[in-house]
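Visitor: Structure in structure tokens, see below.
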Amino acid sequence: MSDFTRQGLEPLRTIGNDTPRIDAIERVTGQAKYTRDWKLPGMLYGKVLRSPHPHARLVSIDTSEAEALPGVQAVITYENAQVVWGAGSVNGGRQYNDPTKAATVHRRYIFNNPVRFVGDSIAAVAATDRHIAEEAVSLIKVQYEELPFVLEPEEALQADAPKVYPEGNLCPDFQGEFKPMVSDVGDVEVGFADADQIFEESYDTGFIHNAQMEPRCSLAHWQGDKLVLYTPSQGISNCRHDTARDLGLEDHQVQVIAQYMGGGFGNKNQNQDADLVAATLSRRAGVPVMLEYSRREDWLGVHGRWPTVQHYKIGVKNDGEVTAMQMRAYSGMGPYRKNSGGIGGMDAYGCPNRYREISPVYTNRTTSGNFRAPSEPHGFFGIENMMDDVAYKIGMDPVEFTLKNMRRPTEERPFTNYSLDEVISDGVERFNWQARRKVVPGSDDGPIKRGAGFSFMMFRAGVGTSSAIVRVNSNQEYTLYVGVTDIGPGAKTTMGMIAAEALGTPLSNVEVVWGDTDRCPYSVGESGSRTTIMTGLAVVEAAEELKRQIADKGMPSGSEVLIGSATPIPTTDGKTRQCFGAHFVEVEVDTRVGSTKILKYTAVHESGRIINPTTARDQIRGATIQGIGQAIHEDLLYDPRSGQPLTPGYYRARHLTHKDIPDIDVHFIEVDDGYGPFGAKTAGESGIILAPAAVGNAVANAIGHRMKSMPITRDKILGAMA
Amino acid sequence: MRDKKKRGDLLNKGNDPAVKYADPKNQVLNDKQQSRRDFLEGSGAAVAAGAGISAFGIPSAKAQSGSSSATTAINLTVNGTQQMLDVQDRWTLAEVLRDQLDLTGTKIGCNRSECGACTVLMNGQPVYACSQLAVWADGADIRTVEGLATNGELSPVQRAFVANNGPQCGFCTPGQLMTATALLETNPSPSSEEVKEALVGNLCRCSNYNAIVEAVVMAGEEGGLA
């Protein structure tokens, strides 16, 4: 269920109404065309050869038998196809920045020598069918010289640890210097001196694969010097630019088409190695090549959320005022720095003295990268468990402790609006927090114990540049061109609704053209919680521009059309723009077997004005459930002796199924802060941030033991209770 | 092309297409050497049963050579249309539907019986098409997502998915719809618990589970598949 509190908002005509997706029929009839559903004449199938070793030098490679297999038309290897994958490893993890990519110290190629994780790519073949391609890959002979490997980030920083790169295992920052990421506000030493009590604790979190249902694939088709790339990309504009740069082409020589895609959650940003491998195979073979990753290849060869170790030190006064916060932490990035390795959460507190030091570390595990709110769920799990623990230890209700210590707007740092108090108090009431939480954690009699947990957040909802084009014909039919791809949240419906509202026409009168860089203008891409706000604002401005033309010239007649376009450069006038949320959960832990069951879940969010209540509701519900899976199930375990991954795949990572799913009560507090399209903020990423922290706090409240390692699996609970 | 009788011997239970995917006897492999999931990792490499599999599940060439491209003639009824096909013995039903019949609504999410995106109805029963060899389906009646709407009119469960946001990314949707259709044909008005029980083999990583269950219950309340 979901419902809404609208604060002084006038109802709009289209926006705010439950609206089926404009492509819902295609999605329920099998007509929706995903990348693997395309077939081009003469198309070959590609297959990649991957390393079975966590770290090895490639001594030699012999492809002669593979090349001799009937049906094989191209074989490329680390020896004859050295293509830099710019987005695969970036100084500081700074994507979207060409100079940083160019200056990157540890560059990643589509094939690498040495190979640095189980699954690193070595070679690829293209053949007339996928079975022949598989067979050909198995015929490639590689001689490996196995090298020592390292799996754990803290261990990797020891002086005697095996080195992933000659310079060592601390990842370079965006300037190419081997330094941790440091944020130092106020003076923690002064803060600790002011404290009545100091608490220190460590938390760790696991690797969470994005595990989108559609495994990575790419279909490359050269038309002369132009590359047409059918690929599931969350950002077609960025994918085009990155692919062009990596292949030495101009942007206009690459066309990226992503009509439908089966999820990504951050796994399909920028271009991927599959795009470059498919393009290289296709160029060699002279015909289109469809490269398909298996589920296991996708699990190990693409990326997931970075595992972390977080050491906290918190100073607090007896009245609950936090005087100092310190975190020293390590993020395991695998052997390539694809993204930041950030650990968020501390910034949600107002404490004036905060020190944060994060060391992103190379290891010989699979690569880490962005997953829905890349830095937050694991960070909020750490800090909010830490703070919840402190609250109980000093005898305070964690909600009261939060209200006392959470970040608030200041004169120096004003917000566009601030609704965290209301979000929290609304959740307290709906969830019946006082009745459900155990004032004394673990106080239920018997082996089955209940408890309640709470978490809160604020998260970016900033504005930025994107583009849109709107056209009207003499029949007064509108066409909207936006470079979105609709990874799942419903962006093209959202964009259509915003256009319809701004144009004063029914949604059914707006055709949306999307997912093709040759037909659509630049869009930021469906990552970073930006599409609704940034591309949505461009849609509003393009519609306004078109309306001005119509007012000027009248509606077009005959074969005429009028076209409005916009690339706004909005600001928030120096104010911080955030969305807000609070989650409350009641769990039941069976301490005899260590299992955790969700009994009640309440999620309250302020995401500005909600464009489409149906899809917004399911963004929060789906993200919350992903977060619950992260809290209690998912991980990628490695065998420390062999460096082999043990739990890739849905079964082994124990993803939640229909039978594990609780009802999630979602409530939106709607406001219009005057920024963003009709006041819309963001929902897609924000929903996943809070479940790990809330579930962790609830388990601690139920069993009376703080669980410091996520996922909170049955064995860990049994260990804590023993 | 291989003789049909020999194919029956080779594939043991291949002539009984009604056998559900969950029946371990349906898999021809040597359990001592590898798990079924490892075995199914390669795309449709099923006849290489028991052969050595590398870290990435690629069957060794030795196991495949000689028999890999052998074909067998089969008959299928797909969405009411008779199909006579020569299929390679190593092709899965999902591959044949997608590659030979261009019915790409059936998705391959894991190719190893984990996710359910490839679910189709075989003689009315939901099966994972990624884990059925096409030759096993000889003589079977197959329904795919393309066969749910009749004369351009969506089925009740399709309508409910449209109304209640059943698909997010949509990649698991065809499988969810097929299992739900099988459920509604035997239980026209299921409770949400019954829906969860029936759909447990269909994963949704968007985790849109609540909306999917609500939609199937809604379809039931409309009177099932009248």
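Since every read-out is calculated from the coordinates, none of them should be taken as a lab result. Since the structure is predicted, the reported quantities are computational estimates derived from the model, not experimental observations. FYI the Cβ positions are ideal-geometry reconstructions off the backbone, even for glycines, and counts take in every protein chain you see.
Visitor: Could you check what % of the DSSP bridge pairs in the protein assembly as shown are antiparallel, to the nearest 5? Intermediate values should be presented prior to the final figure.
Guide: On the way: 109 of 144 bridges.
Given both bridge residues lie in the protein assembly as shown, the antiparallel proportion sits at roughly 75 percent.
Visitor: Oh, and also: How big, in percent, is the set of alpha carbon pairs in segment A:464-566 lying more than 20 Å apart? Could you put the intermediate results ahead of the total?
Guide: Details: 1594 of 5253 pairs.
When every Cα pair of segment A:464-566 is considered, 30 percent fall beyond 20 Å.
Visitor: Right, another one. If you restrict to DSSP beta bridges whose two residues both lie in segment A:169-303, what percentage is antiparallel, to the nearest 5?
Guide: Numbers: 9 of 13 bridges.
Of those bridges, close to 70 percent are antiparallel.
Visitor: Can you list residues whose amide H is under 5 Å from A:ASP129's amide H, if they're 5+ apart or on another chain and H is modeled 1.01 Å from N?
Guide: A:TYR45
Visitor: According to a simple spin-label model (label point 7 Å from Cα along Cα-to-Cβ), what is the distance in nm between A:ASP196 and B:SER189?
Guide: 6.2 nm
Visitor: Show the residues, 5+ positions off or on another chain, whose built amide H is closer than 5 Å to the amide H of A:LEU291.
Guide: Under 5 Å from the amide H of A:LEU291: A:GLY46, A:SER218, A:LEU219, A:ALA220.
Visitor: Under 18 Å from a label point 7 Å along Cα→Cβ of A:ASP187: give me every residue in segment A:310-331 with its amide N that close.
Guide: A:315-316, A:323-326
Visitor: Another one. Once the other residues with Cβ under 13 Å from the Cβ of A:PRO640 are scored (Lys, Arg +1; Asp, Glu -1), what is the net sum?
Guide: Working: positive: A:ARG365, A:ARG641; negative: A:GLU152, A:GLU155, A:ASP639.
Here the count lands on -1.
Visitor: Using +1 on the beta carbon of Lys and Arg, -1 on that of Asp and Glu, and nothing else charged, what's the dipole of chain A about the Cα centre, debye to 20? Mind dumping the intermediate values first?
Guide: Working: 74 positive and 90 negative charges, 191 e Å.
Value, rounded to 20: 920 debye.
Visitor: Still on this structure: Once you place label points 7 Å from the Cα toward the Cβ at A:GLN31 and A:THR567, how far apart are they in nm?
Guide: Taking the simple label geometry, A:GLN31 and A:THR567 are separated by 3.5 nm.
Visitor: Let me make sure I get this right: for chain A, a, b and c are the square roots of the gyration tensor eigenvalues over alpha carbons, sorted descending. Under 1.5 in a/c it's rounded, otherwise prolate if a/b > b/c, else oblate. Which is it? Provide the component values of the computation, followed by the final result.
Guide: Values: a/c = 1.77, a/b = 1.12, b/c = 1.59.
Because a/c hits 1.5 or more and a/b fails to exceed b/c, chain A counts as oblate.
Visitor: How many percent of DSSP beta bridges within segment A:464-566 run antiparallel, rounded to 5? Intermediate results must be reported in sequence, preceding the final value.
Guide: Numbers: 10 of 14 bridges.
So the antiparallel bridges amount to about 70 percent of the total.
Visitor: If we count every other residue with Cβ under 15 angstrom of A:ILE717's Cβ, Lys/Arg +1 and Asp/Glu -1, where does the sum land?
Guide: Details: positive: A:LYS449, A:ARG450, A:ARG592, A:LYS597, A:ARG654, A:ARG706, A:LYS708, A:ARG714, A:LYS716; negative: A:ASP444, A:GLU588, A:ASP590, A:ASP635, A:ASP715.
Cβ neighbours under 15 Å give a net charge of +4.
Visitor: Pop a pseudo-label 7 angstrom from the Cα along the beta-carbon direction at both A:PHE178 and A:GLU477 and give the gap in nm to one decimal.
Guide: About 6.3 nm separates the two model spin labels.
Visitor: Can you compute 3J(HN,Hα) from phi for each residue in segment B:114-125, using the Karplus curve 6.51 cos²θ - 1.76 cosθ + 1.60 with θ = phi - 60°, rounded to whole Hz and x for Gly and Pro?
Guide: Whole-Hz 3J(HN,Hα) from phi for segment B:114-125: 9, 10, x, 4, 8, 4, 10, 9, 10, 6, x, 9.
Visitor: Could you run the Karplus curve 6.51 cos²θ - 1.76 cosθ + 1.60 with θ = phi - 60° over segment A:576-587 and give me ³J(HN,Hα) per residue in whole Hz, x for Gly and Pro?
Guide: 7, 10, 9, 9, 9, x, 9, 10, 10, 9, 10, 10
Visitor: Taking each residue of A:487-494 in turn, how many C-beta atoms of other protein chains fall within 10 Å of its C-beta, and what is the average? Could the numbers behind the result be given before it?
Guide: Working: counts 3, 8, 3, 4, 0, 0, 1, 0.
That average works out to 2.
Visitor: Restricting to DSSP loop positions (anything but H, G, I, E, B) with no more than 15 other Cβ atoms inside 10 Å of their own Cβ, which trypsin sites (Lys or Arg not before Pro) remain in segment A:628-722? Provide the component values of the computation, followed by the final result.
Guide: On the way: sites: A:ARG641, A:ARG652, A:ARG654, A:LYS659, A:LYS681, A:ARG706, A:LYS708, A:ARG714, A:LYS716; in loops: A:ARG641, A:ARG654, A:LYS681, A:ARG706, A:LYS708.
In loop regions of segment A:628-722 (DSSP not H, G, I, E or B), the sparsely surrounded trypsin sites (Lys or Arg not before Pro) are A:ARG641.
Visitor: Using θ = phi - 60° and the Karplus curve 6.51 cos²θ - 1.76 cosθ + 1.60, what whole-Hz ³J(HN,Hα) does each residue of segment B:147-160 get, with Gly and Pro shown as x?
Guide: x, 7, 7, 10, 6, x, 9, 5, 6, x, 6, 5, 4, 5
Visitor: Continuing with this model, one more query. Per residue of B:157-165, what is the mean number of Cβ atoms on other protein chains within 10 angstrom of that residue's Cβ?
Guide: On the way: counts 1, 5, 4, 1, 5, 7, 4, 5, 14.
Average neighbour count from other chains, rounded to a whole number: 5.
Visitor: Quick check on segment B:156-221: take the gyration tensor over C-alpha atoms, sort the square-rooted eigenvalues as a ≥ b ≥ c, and tell me if it's rounded (a/c under 1.5), prolate or oblate. Please report the intermediate quantities before stating the final value.
Guide: Numbers: a/c = 1.62, a/b = 1.33, b/c = 1.22.
Because a/c hits 1.5 or more and a/b exceeds b/c, segment B:156-221 counts as prolate.
Visitor: Right, something else. How would segment A:1-144 be classified by its alpha-carbon gyration tensor: rounded, prolate or oblate, with rounded meaning a/c under 1.5 and the a/b versus b/c comparison settling the rest? Intermediate results must be reported in sequence, preceding the final value.
Guide: Working: a/c = 3.31, a/b = 1.70, b/c = 1.94.
It is oblate, given that a/c is not under 1.5 and a/b is not larger than b/c.
Visitor: Let me ask something else about it. Per residue of chain A, what 222 nm ellipticity follows from adding -39500 (n - 2.57) for every DSSP H run with n ≥ 4, rounded to the nearest 500?
Guide: Details: 19 runs with 187 residues, N = 722.
Value at 222 nm, helices only, nearest 500: -7500 deg cm²/dmol.
Visitor: Taking amide H positions as placed 1.01 Å from N in the peptide plane, with prolines and chain starts having none, which residues 5 or more places from A:TYR109, or on another chain, fall under 5 Å of its amide H?
Guide: A:TRP85
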